[in-house]
Amino acid sequence: MNKALRPIKVARAAGTGASTVVECCQVCGHAPLEQVLSLGYMPPPNRLTPVGQAPKQQSWYPTNFLYCGLCGLAQLGVVIDPAIVFPPEFPYTTGNTKALRDNFAELYRECSAMLGLAAGDLVVDVGSNDGTLLANFRTPGHRVLGIEPTDVGDIANTREIPTIKRYFTLDVAREVKREHGPASVITATNCFAHIEDVHGIMEAIVELLKPDGVFISESHYLMSLLDGLQYDTIYHEHLRYYSIASLKYLFQMHDMELFHVRPIPTHGGSIRVYAAKRGTRTIEESVGRMLAAELTGNAMAEKLSAFGRQVMLSKLRLLSMLRDLKEKGARIAAIGAAARATTLLHYVGLDEAIIDYVCEVSGSLKIGQCMPGTQIPVVDEARLFSDQPDCALLFSWHIADQLAPMLKAKQFRGRIIVPLPMPRIL
Ligand SMILES: [Zn+2]
């Protein structure tokens with residue numbers, strides 16, 4: 001990358017044990033950024049404390065959602081040291097979520113058909129979690145390597161998905177290249193928006209890729225967030241909220257280009273993008289089509305302003321609905337202790353007096369802990385069916401179509417509340 005293009009005012013939070021304010025766009029360096037919305041102060045979304053432990057002092061961070069009018073990137077107003085946001089005991093495993101398992105199997109089918117991978121080709125997954133994605137590539141005989149800084153990487157190693165427990169940096173890319181050769185494919189799903197030094201990760205990708213190699217990334221999509229009022233996906237793991245325009249800008253800065261993009265359903269509306277070194281691949285019509293559908297200028301400014309107002313109204317309506325239920329003495333449990341639940345809890349102002357417990361599927365590492373910044377316990381979902389509270393509030397509302405029939409099939413008799421985009425009772 002041309003160093004002159006790098007944003008010059010970026011302060012780094014990594015290693016500080018604290019947070020730093022974002023003074024200019026993380027991709028293009030433009031300032032000032034426009035504030036779309038403030039969700040207030042939040043605890044780190046994956047810092048859970050064991051049930052029964054007395055609450056201790058903890059740092060909370062401002063959660064402001066900013067937009068760059070130059071490159072089209074939305075981003076948080078502060079960046080927190082990743083050691084705080086992604087502690088070694090990070091309790092999230094991809095393999096527990098069927099939608100993600102299915103998505104990664106589909107990613108493998110799509111990219112192997114499109115790229116024509118050979119048996120010995122090296123596939124590297126950045127932020128490889130428990131190895132769920134790479135397992136799809138290993139079975140047909142590709143060489144696979146995961147890079148995952150948290151202890152979840154140990155699970156992948158026990159599943160015989162070789163995994164390096166490090167952050168992905170230029171140095172790590174060079175080491176991997178020395179030991180394993182260049183990569184035909186590098187994937188980064190649901191982490192490409194999480195890593196603070198986006199230009200550092202791009203340099204590492206360019207270093208490790210073969211000249212005709214392909215980078216595939218999946219991220220939550222800014223336009224889905226805005227259209228679906230998914231403010232609960234705004235939290236301190238997600239530093240950036242990509243539009244196709246902002247990704248195009250980013251890849252151009254590193255002499256790469258997008259050659260295929262498409263919407264995928266994960267996390268309530270994500271994008272899968274394929275990029276390669278400039279001029280090495282035919283650019284599919286999908287790129288121009290999705291770019292043309294994105295709003296810019298005044299139309300985008302109006303969209304962002306309407307989004308802010310609708311988020312505020314959604315919160316008030318949910319509070320009003322829950323107040324009516326609590327006035328009648330209803331007991332309310334919640335479903336899904338994902339990071340997005342932390343945003344919803346704290347922005348709306350829910351606590352252990354309102355929500356009795358949050359259910360997770362058996363095997364979740366969050367069971368036995370309290371939701372961040374509250375004393376709401378996370379329990380095995382079996383409790384919902386034996387306890388039969390009056391209402392189940394779906395924190396995982398983006399998969400309400402699958403969850404609601406499943407809860408009914410397992411004989412849950414209470415009412416099911418879908419909190420977003422506007423609260424409703426099923
Ligand atoms: Zn920008």
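Here is a yes/no grid of residues against (1) farther than 26 Å from Thr49 by Cβ; (2) buried (at least 20 other Cβ atoms within 10 Å of the Cβ); (3) touching a residue at least 60 places away in the same chain (Cβ under 8 Å); (4) in contact with a helix residue (DSSP H, G or I) (Cβ under 7 Å, 6 or more places away or on another chain):
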{"residue": "Arg340", "(1), (2), (3), (4)": "no, yes, yes, yes"}
{"residue": "Thr343", "(1), (2), (3), (4)": "no, yes, yes, yes"}
{"residue": "Tyr347", "(1), (2), (3), (4)": "no, yes, yes, yes"}
{"residue": "Ser364", "(1), (2), (3), (4)": "no, yes, yes, yes"}
{"residue": "Met371", "(1), (2), (3), (4)": "no, yes, yes, yes"}
{"residue": "Arg383", "(1), (2), (3), (4)": "no, no, no, no"}
{"residue": "Leu393", "(1), (2), (3), (4)": "no, yes, yes, no"}
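For region 257-276, state whether one or more residues are surrounded by 13 or more Cβ atoms within 10 Å (Cβ to Cβ), within 16 Å of the ligand (Cβ to nearest atom), of a type in the set (Gly, Ala, Ser) and within 13 Å of Leu222 (Cβ to Cβ).
Scanning region 257-276 turns up no residue that is surrounded by 13 or more Cβ atoms within 10 Å (Cβ to Cβ), within 16 Å of the ligand (Cβ to nearest atom), of a type in the set (Gly, Ala, Ser) and within 13 Å of Leu222 (Cβ to Cβ).
Here's the yes/no breakdown for (1) out of contact with any strand residue (DSSP E or B) (no Cβ under 7 Å at 6 or more places or on another chain); (2) within 16 Å of the ligand (Cβ to nearest atom); (3) farther than 22 Å from Glu360 by Cβ; (4) not in a loop (DSSP other than H, G, I, E, B):
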{"residue": "Lys56", "(1), (2), (3), (4)": "yes, no, yes, no"}
{"residue": "Thr63", "(1), (2), (3), (4)": "no, no, yes, yes"}
{"residue": "Gly95", "(1), (2), (3), (4)": "yes, no, no, yes"}
{"residue": "Asp102", "(1), (2), (3), (4)": "yes, no, no, yes"}
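With the structure loaded, tell me whether Leu133 is part of a strand (DSSP E or B) and open to solvent by less than 20 Å² (accessible area, probe 1.4 Å) or whether it fails that test.
So Leu133 fails the test.
How many of the residues making up region 145-202 are open to solvent by 10 Å² or more (accessible area, probe 1.4 Å), at pLDDT below 95 and farther than 27 Å from Gln26 by Cα?
Selection size over region 145-202: 7.
Is it true that some residue in region 105-124 is part of a helix (DSSP H, G or I), under 20 Å from Ala339 (Cα atoms) and not charged (D, E, K, R)?
no
Name the residues in region 22-44 that are within 16 Å of the ligand (Cβ to nearest atom) and in a strand (DSSP E or B), would you?
If the condition is that a residue be within 16 Å of the ligand (Cβ to nearest atom) and in a strand (DSSP E or B), then Glu34, Gln35, Val36 are the ones that fit.
For region 217-245, enumerate the residues that are in a helix (DSSP H, G or I), open to solvent by less than 10 Å² (accessible area, probe 1.4 Å) and touching a strand residue (DSSP E or B) at 6+ places or on another chain (Cβ under 8 Å).
Leu222, Leu225, Tyr231, Thr233, Ile244
Given (1) more than 22 Å from the chain's Cα centre (by Cα); (2) closer than 27 Å to Ser286 by Cα; (3) charged (D, E, K, R), identify the lone condition not met by Arg143.
(2)
Identify all residues within region 65-93 that are in a strand (DSSP E or B), within 16 Å of the ligand (Cβ to nearest atom) and either aliphatic (A, V, I, L, M) or open to solvent by 40 Å² or more (accessible area, probe 1.4 Å) (or both); write none if there are none.
Passing the criteria: Leu66, Ala74, Leu76, Val79.
Please enumerate the residues belonging to region 289-319 that are within 25 Å of Ile399 (Cβ to Cβ), more than 23 Å from the chain's Cα centre (by Cα) and open to solvent by less than 50 Å² (accessible area, probe 1.4 Å).
Leu313, Leu318
Sort out which residues of region 39-56 are open to solvent by less than 60 Å² (accessible area, probe 1.4 Å), polar (S, T, N, Q) and over 19 Å from the mean Cα position of the chain (by Cα), and write them in order of number.
Correct list: Thr49 only.
What pairs come up if the first residue lies in region 293-321 and is modelled with pLDDT of 95 or more, the second is crowded, with 16+ Cβ neighbours inside 10 Å and among the polar types (S, T, N, Q), and their beta carbons are under 6 Å apart, counting only those six or more places apart or on different chains?
If the second residue must be crowded, with 16+ Cβ neighbours inside 10 Å and among the polar types (S, T, N, Q), the pairs left are Glu294/Ser243.
What single numbered condition from (1) assigned to a helix (DSSP H, G or I); (2) open to solvent by less than 30 Å² (accessible area, probe 1.4 Å) fails to hold for Val206?
(2)
Is there a residue being farther than 26 Å from Leu229 by Cβ and without any contact (Cβ under 8 Å) to a residue 24 or more places away in the chain anywhere in region 78-86?
no
The values are calculated or read from the model by the stated rules, or taken from the named source; none is laboratory data. Keep in mind that this is a model prediction, so the values were computed, not measured. So basically every Cβ, Gly included, is an ideal-geometry build from the backbone, and we count neighbours across all protein chains shown. Remember, those area values only see protein heavy atoms, side chains included, never the ligands or the DNA or RNA. Shrake-Rupley method; radii C 1.70, N 1.55, O 1.52, S 1.80 Å.
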